[in-house]
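The values are calculated or read from the model by the stated rules, or taken from the named source; none is laboratory data. Being a predicted model, the structure only gives us computed values, none of them experimental. Cβ sites come from the backbone with ideal geometry, for glycine too, and all protein chains shown count toward neighbours. Keep in mind that these areas ignore ligands, DNA and RNA; they rest on the heavy atoms of the full protein, side chains included. Shrake-Rupley method; radii C 1.70, N 1.55, O 1.52, S 1.80 Å.
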Amino acid sequence: RSPSNLKSTLVRQPGAVVGLPKTQRGWLQQPRSRLGCPRAEVQARESKPATSIDFDLNAFLIEKKKSVEKALDASVQSNCKETGKICDAMRYSLLAGGKRVRPALCIAACEMLGGTEEMCMPSAVALEMIHTMSLIHD
């Protein structure tokens, strides 16, 4: 479009979405939270009194570390003699120790959104494998 044609199609109103026809602007102008929910719902949930939750991060990390290490060990199993040595090397690097913060954060995010540890364990293990690989190849 030429600049003169473009100028005539732009809408210059405070708070308006510029450049869209009125039929497409309406739903964009509704107040929404950052997650896309209508603000009225978010404000209603935020107005409830906050409750105090005792959370021990160290205990959480220790608990999740055990299950992550068990899943890591189970994920690197050799089914034939040809892959035995490489799987042993991978297991040695993966199970050499560490805090396992990345998989714990993955599990915490999944649980926070209503999932279970079992649902996200493959992703948590993959995160730890990628992290270990980045340390080895550094």
Exercise for the section: Give the residues of region 116-138 that are part of a loop (DSSP other than H, G, I, E, B) and not β-branched (V, I, T), sorted by residue number. Expected result: H137, D138
Handout entry: Subset of region 82-98 (residues that are within 20 Å of E63 (Cβ to Cβ) and open to solvent by 50 Å² or more (accessible area, probe 1.4 Å))
Key = L95
Completion exercise
Considering residues that are within 14 Å of the chain's Cα centre (by Cα) and either at positive phi or outside any helix (DSSP H, G or I) (or both), the number found within region 90-115 is 3
Exercise for the section: Out of the residues in region 99-138 that are under 15 Å from K66 (Cα atoms) and of a type in the set (D, E), state the one that is least open to solvent (accessible area, probe 1.4 Å). Expected result: E128
Exercise for the section: Go through region 53-79 and give me each residue that's under 16 Å from Y92 (Cβ atoms) and either of a type outside the set (A, V, I, L, M) or surrounded by 14 or more Cβ atoms within 10 Å (Cβ to Cβ) (or both). Expected result: E69, L72, D73, S75, V76, Q77, S78
Exercise for the section: Quick one: count up the residues across region 57-89 that are more than 21 Å from the chain's Cα centre (by Cα), more than 17 Å from I136 (Cβ to Cβ) and of a type in the set (A, V, I, L, M). Expected result: 2
